[in-house]
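Below is one structure, written out as structure tokens; the observations come after it.
Read-outs throughout are calculated quantities, based only on the coordinates presented, and are distinct from any laboratory measurement. This is a predicted model, so every value here is computed, not measured. Cβ atoms come from the backbone with ideal geometry, glycine included; neighbour counts cover every protein chain shown.
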Amino acid sequence: MSKPYNNTKATLALAKASFRSIMRSPSAVVFTLAFPLIFILVFGFLGGGGVKVDLAIAPGSDLQNPIINALEQINVIHIIEDKEADEIKTELEKGHVAAVINVQKNATGTPAYLANVQYTSASIDKGSILKSVLTNLMYTLNSKDIKPTIAQLNESTVQGRIYRTIDFILPGQLGFSLLSTGVFGTAFVFFSLRQTLVIKRFFATPVSRASIVFGEGIARIGFALCGAVFIILIGHFFFHFTLIHGVVTVLNMLLLAIIGLVVFMGFGFIVSGIAKSESTIPPISNIITLPQFLLSGTFFSIDAFPSWLQPISRALPLTYLNDAMRKVAFEGAGLWDVKHQILIMAIWGIGVYIVAVKVFKWE
Amino acid sequence: MDKTNAIISVKNLVKKYDDFTAVQGISFEVYQNEIFGLLGPNGAGKTTTLEIIETLREKTSGEIIVDGYSVDKDASKIKRIIGVQLQAAGYYPNLNLVELMELFAGLYGVDVKPMEMLEKVNLQDKAKAKYKALSGGQKQRFSIATTLINSPKIIFLDEPTTGLDPQARRNLWDLIIDIRNNGTTVVITTHYMDEAEQLCDRVAFVERGEIIALDTPDNLIDNLINSGFERQKEVKKANLEDVFINLTGKEWREDN
């Protein structure tokens with residue numbers, strides 16, 4: 001009884017132990033890091049190119065002429081040479097190739113070349129792109145030496161920020177990573193600590209219940225933030241994920257991550273309380289995480305959903321976390337600019353913890 | 001034994017569950033620096049009684065004072081001066097013994113060197129092992145080490161030797177006697193009467209939630225003999241366990 005009992009010390013000891021334990025738990029690492037990273041890699045590589053139109057050159061076509069030369073300069077067009085006529089025909093039928101072009105010198109003089117293009121009904125949308133590219137090209141080539149008599153078209157493009165697929169995908173994946181760490185991690189830890197009587201042994205020490213909850217919470221938030229930083233850095237340096245204000249943006253994202261995580265951990269406390277056995281935790285957790293995974297704009301913007309589905313999407317907390325993350329990262333919004341999203345998450349948080357306090361079990 | 005020196009006093013302890021009474025009006029005292037045994041069949045109320053004294057369970061009625069503190073008002077103070085080994089307890093997953101010791105040091109708010117604690121129970125070689133990877137005897141020794149972290153005045157051991165082989169059991173007895181010799185009071189439950197006879201200064205027999213006898217092992221045996229009891233078979237100077245120990249060696253073994 002020499003000195004008063006130190007709750008902070010107990011909380012930190014627990015946080016340290018829990019953090020070590022999480023780092024050594026394969027499922028936590030897989031859910032928090034591996035899954036989001038795989039999605040980011042896939043979409044990061046997919047998203048780079050934009051639209052490509054495959055255009056085959058018919059065998060026997062003239063290759064050294066202004067038309068083919070100009071087509072080779074156009075990014076959207078991908079030219080396929082050295083294919084047999086049969087091969088091209090099947091590719092056309094399957095829609096793998098949008099069209100086939102055959103350019104011949106005109107024996108009769110003018111115009112100097114004749115270009116025959118055959119489109120396919122199996123790839124109409126790409127065919128239309130090609131059609132407009134060709135029309136444009138022909139106009140430029142034919143009118144090169146002619147002075148405009150009616151009007152001249154001057155085109156220019158505003159240099160904007162490039163919005164890449166990664167700018168949409170990464171915040172969604174980050175949000176989902178936080179959701180699964182928060183719900184699954186918390187539910188499993190408290191359920192198994194209760195089941196294996198670890199908590200009972202803790203209660204035989206002077207540690208307070210608040211210390212146990214805070215210690216676990218600190219460890220989980222710490223772990224999730226490490227994961228978030230890792231995901232953001234990979235996205236930024238390998239896939240040019242946009243961070244408008246650099247470090248400040250990252251810090252804002254991490255603050256949002258903490259808010260989201262605290263709400264999601266509340267779901268985890270509820271699951272650990274209502275689960276009857278270890279095997280009922282995943283299904284109950286999935287009921288909470290899967291709808292949010294699909295409906296909260298993780299992969300697609302919720303604007304793309306049918307209108308009857310959108311109200312549901314707009315009720316879910318992950319929607320607002322994703323939304324706020326994207327605004328902060330791409331638009332450079334501050335936390336005050338996303339106060340609406342934070343407020344809705346806070347309302348969810350209050351509701352969730354009211355339920356959690358009711359259903360949570362210590363033993 | 002100085003009888004005024006009670007460190008635990010239990011008066012009329014009653015514990016009722018919904019439809020049955022686990023403990024019905026138990027009273028006893030545990031003296032400072034003794035090894036006190038609670039004996040009795042399964043379901044007699046031993047563990048319930050212990051867990052109420054340890055402040056892990058609410059009592060229905062009665063009065064319990066542990067080193068001057070009442071379990072009703074000063075549960076947290078009691079927790080700081082006792083060490084508890086539960087009959088069934090788990091340890092934090094994925095941590096090795098040193099890390100678990102650090103955790104418990106934090107939970108008790110004391111500074112201890114984890115290796116020194118492990119040396120006390122001869123587990124220094126297992127410092128980097130996980131609790132799950134330990135043998136039964138090692139698990140019990142580790143559990144006892146966690147009860148010693150806060151240099152408690154009293155430790156409670158609930159069936160510490162159940163399921164252990166004879167060597168591991170004797171190792172544990174030596175350890176328990178060492179702990180007592182260092183000034184700690186020990187309260188122990190067991191099913192083994194030879195163990196109680198060897199270890200305990202005094203024992204209480206618990207049956208259906210009541211204490212039916214309480215005395216030193218010697219006195220209890222003498223009373224029975226005085227009442228005219230005779231064993232059906234004359235006891236030899238050694239028993240089969242002595243043979244087992246003699247054949248397999250008494251020293252610490254790697255796997256116990």
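In loop segments of the stretch B:42-144 as defined by DSSP, the GluC sites (Glu not before Pro) with at most 16 further C-beta atoms inside 10 Å of their C-beta are B:Glu58. Peptide A:206-219 is shielded by partner chain Cβ atoms: per residue, an average of 2 of them sit within 10 Å of its Cβ.
Seen through its C-alpha gyration tensor, with square-root eigenvalues sorted a ≥ b ≥ c, chain B comes out oblate because a/c lies at 1.5 or above while a/b is not bigger than b/c.
Residues whose amide H falls under 5 Å from that of B:Val23, counting only those 5 or more places apart or on a different chain, are B:Lys15, with hydrogens built in the peptide plane. Averaging the sequence gap over all C-alpha pairs within less than 8 Å and six or more residues apart, then dividing by the number of residues, gives the stretch B:110-256 a relative contact order of 23 percent.
Considering only alpha-carbon pairs that sit under 8 angstrom and 6 or more positions apart, the relative contact order computed for the stretch A:178-293 is 53 percent.
For the stretch A:22-124, trypsin sites (Lys or Arg not before Pro) meeting the loop criterion (DSSP other than H, G, I, E, B) and having at most 10 other Cβ atoms within 10 Å: none.
Can you tell me the equivalent ellipsoid semi-axes for the protein assembly as shown? Use √(5λ) from the Cα gyration tensor, largest first, whole Å.
Value: 78, 26, 20 Å, ordered largest first.
Per-residue mean of foreign Cβ neighbours for A:193-202 is 5 (Cβ atoms of other chains, 10 Å radius).
Rounded to the nearest whole Hz, the Karplus-based 3J(HN,Hα) values (6.51 cos²θ - 1.76 cosθ + 1.60, θ = phi - 60°) of the stretch A:68-83 follow the sequence 5, 4, 5, 4, 5, 7, 8, 4, 5, 8, 10, 8, 10, 10, 6, 10, with x at glycine and proline. For chain A, modelled as a Gaussian network with Cα springs under 10 Å, which listed residue fluctuates most, A:Gln118, A:Gln73, A:Gln152? So, out of A:Gln118, A:Gln73, A:Gln152, the one fluctuating most is A:Gln152.
Only Cα pairs under 8 Å and 6+ residues apart enter the sum, and on that basis the relative contact order of the stretch A:64-164 stands at 21 percent. For chain A, excluding the exposed loop sites themselves (chymotrypsin sites (Phe, Trp or Tyr not before Pro), DSSP loop, at most 15 other Cβ atoms within 10 Å), the longest remaining stretch covers A:1-162.
Note on B:104-117: average number of Cβ atoms from other chains within 10 Å of each residue's Cβ is 5. Between A:Val247 and A:Glu84, the C-beta separation translates, for a Förster distance of 60 Å, into a calculated FRET efficiency of about 0.60. The largest-to-smallest principal axis extents of the Cα set in the stretch B:8-98 are 43, 32, 26 Å.
Per residue of chain A, the DSSP helices (runs of n ≥ 4 H) give a summed -39500 (n - 2.57) that works out to -19000 deg cm²/dmol at 222 nm. In this label model, B:Ile221 and A:Lys94 are separated by 9.1 nm, measuring between points 7 Å along each Cα→Cβ vector. Rounded to the nearest Hz, the phi-derived 3J(HN,Hα) couplings of the stretch B:73-84 under the Karplus curve 6.51 cos²θ - 1.76 cosθ + 1.60 (θ = phi - 60°) are 9, 10, 3, 6, 5, 4, 4, 6, 10, 10, x, 10, where x marks glycine and proline.
Shape call for the stretch A:1-136 from the C-alpha gyration tensor, a ≥ b ≥ c root eigenvalues: rounded (a/c under 1.5), prolate (a/b greater than b/c) or oblate? Prolate. Taking only the alpha carbons of chain A, we obtain Rg and Dmax values of 29.2, 111 Å in that order. Result for chain A in a Gaussian network model with C-alpha springs under 10 Å: among A:Leu254, A:Leu63, A:Leu179, the largest mean-square fluctuation is at A:Leu63.
Rounded to the nearest whole Hz, the Karplus-based 3J(HN,Hα) values (6.51 cos²θ - 1.76 cosθ + 1.60, θ = phi - 60°) of the stretch A:92-103 follow the sequence 4, 5, 7, x, 5, 10, 7, 6, 10, 10, 9, 10, with x at glycine and proline.
Computed over chain B with a Gaussian network model linking Cα atoms closer than 10 Å, the most mobile of B:Gly25, B:Gly40, B:Gly83 is B:Gly25. Between the alpha-carbon centres of the stretch A:291-358 and the stretch B:110-185 there is a gap of 51 Å. Bridgeable aspartates and glutamates around A:Lys52 (alpha carbons under 17 Å apart, same-chain partners fewer than 8 residues away excluded): A:Glu72, A:Glu81, A:Glu91, A:Asp125. Of the trypsin sites (Lys or Arg not before Pro) in the stretch B:153-245, the ones in a loop by DSSP (not H, G, I, E or B) with at most 16 other beta carbons within 10 Å are B:Arg208, B:Arg231, B:Lys233, B:Lys236, B:Lys237.
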